[in-house]
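Participant: Okay, handing you the structure first.
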Amino acid sequence: MHMIWKSFAFSLVCAALYWYARIYLHTELYIVDVGGLSSFLGVFGTLYGILAAFVVFEVWSQYNRISALIGKEAQALEQLFRLSLYFRDPEFTQRIKVGIREYIGHIVEGKFRFLAQGERNAKSGLALRKISEIIQSVDFDDDHDSIVFEQIVEHYGEVAQLRTERTNESRNRLPRFLKYFIYLASTFALITFLIMPFEVALYGVFSAFVIGFLQAMVFQLIEELDNPFKGTMQLTPQPFVLALKHIEEDYD
């Protein structure tokens, strides 16, 4: 809703600028050139639309990939704990539980603030290594525990891999040149509409309002999705909270 109100305010400014240009620049006098301007907008609008669609699709895809990796990592931690239940050593299971609790605790406490700044959360990384040390220090002397241990080691590797993919993907951003380019192209498109010589002034005001609203939404979507840990659409560690809740409540 916040994005809509900001876009609405920006569109009102655009409508006012169109009216200002019509009064002081007398854009209605250039109605004879409307055919040429329409041809220009047809070509420019097509190229701009393709570029805007590509950028929005790219940041939206990245947003979905990060969201999916967060969910998979949380599920993998819960599965790692479930595997520890098959080990014939209640103390080992309890240590794994404590390790997972500490790891999730650091993630929840950090709320992805480090990823929002393009950095790793060192505390959660250390907590994950502690889980590895717990697994390495375990002793067993029968075939059953040997099989379970192999599964635990394999699954820990999956958790570590998912964490690596999540952090790497989360720190990716749109190239600065590409972002500036689409903003510059949007500015050119908006200026063209603001000086468009509509014969009926109300049509021009309405067009400027609509174009301003759409461009403001596009700008905000790009900014929100390019860094999914800031703003109104930010991703949260809620999947980790739910995973820890299941571990604490469903396996006692």
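The values are calculated or read from the model by the stated rules, or taken from the named source; none is laboratory data. Note that the structure is predicted; figures quoted are calculated from it, not measured. Backbone-built Cβ (ideal geometry, glycine too); neighbour counts: all protein chains shown.
Participant: Can you give me the number of residues within region 227-252 that are outside any loop (DSSP other than H, G, I, E, B) and not charged (D, E, K, R)?
Facilitator: Adding up the residues that qualify gives 9.
Participant: Could you run through region 126-145 and say how many residues are exposed (fewer than 11 other Cβ atoms within 10 Å of the Cβ) and among the hydroxyl-bearing types (Ser, Thr, Tyr)?
Facilitator: 1
Participant: Residues being among the small types (Gly, Ala, Ser), surrounded by 16 or more Cβ atoms within 10 Å (Cβ to Cβ) and farther than 17 Å from residue 229 by Cβ: count how many of those fall in region 48-91.
Facilitator: 3
Participant: Only residues that are in contact with a Ser or Thr (Cβ under 9 Å, 6 or more places away or on another chain), of a type in the set (A, V, I, L, M) and assigned by TED's automatic domain parsing to the domain that holds residue 221: list them for region 47-83, please.
Facilitator: 52
Participant: When you check residue 192 against the structure, is it in contact (Cβ under 8 Å) with a residue 12 or more places away in the chain and either surrounded by fewer than 15 Cβ atoms within 10 Å (Cβ to Cβ) or over 27 Å from residue 53 (Cβ atoms) (or both), yes or no?
Facilitator: no
Participant: Condition first: modelled with pLDDT under 90 and part of a helix (DSSP H, G or I). Now tell me which residues in region 117-133 satisfy that.
Facilitator: Once the filter is applied, which keeps residues that are modelled with pLDDT under 90 and part of a helix (DSSP H, G or I), region 117-133 yields 122, 123, 124, 125.
Participant: If you don't mind, another one. List every residue pair whose Cβ atoms lie under 8 Å apart, where the two residues are 6 or more positions apart in sequence or sit on different chains, the first residue falls within region 134-147 and is assigned by TED's automatic domain parsing to the domain that holds residue 84, and the second residue, located anywhere, is surrounded by 10 or more Cβ atoms within 10 Å (Cβ to Cβ) and polar (S, T, N, Q).
Facilitator: 140/146
Participant: Considering only residues that are in a loop (DSSP other than H, G, I, E, B) and not acidic (Asp, Glu), look in region 183-226 and name the one that is nearest to residue 13 (Cα to Cα). Write out each step before concluding.
Facilitator: Step one: list which residues in region 183-226 are in a loop (DSSP other than H, G, I, E, B), which gives 195-200.
Applying the additional criterion that residues be not acidic (Asp, Glu) yields 195-198, 200.
Details: 195: 14, 196: 16, 197: 18, 198: 18, 200: 19 Å.
Looking at residues that are in a loop (DSSP other than H, G, I, E, B) and not acidic (Asp, Glu), I get 195.
Participant: Taking residue 95 as the residue in question, decide whether it is more than 30 Å from residue 229 (Cα to Cα) and modelled with pLDDT of 90 or more.
Facilitator: So residue 95 passes the test.
Participant: So is residue 165 assigned by TED's automatic domain parsing to the domain that holds residue 73 and farther than 23 Å from residue 117 by Cα or not? Can you show your working first?
Facilitator: On the way: assigned by TED's automatic domain parsing to the domain that holds residue 73: yes; farther than 23 Å from residue 117 by Cα: no.
Against the criterion (assigned by TED's automatic domain parsing to the domain that holds residue 73 and farther than 23 Å from residue 117 by Cα), residue 165 does not qualify.
Participant: Regarding region 154-162, can at least one residue be identified that is over 23 Å from the mean Cα position of the chain (by Cα), surrounded by 15 or more Cβ atoms within 10 Å (Cβ to Cβ) and at pLDDT 90 or above?
Facilitator: Among the residues of region 154-162, at least one is over 23 Å from the mean Cα position of the chain (by Cα), surrounded by 15 or more Cβ atoms within 10 Å (Cβ to Cβ) and at pLDDT 90 or above, which makes the answer yes.
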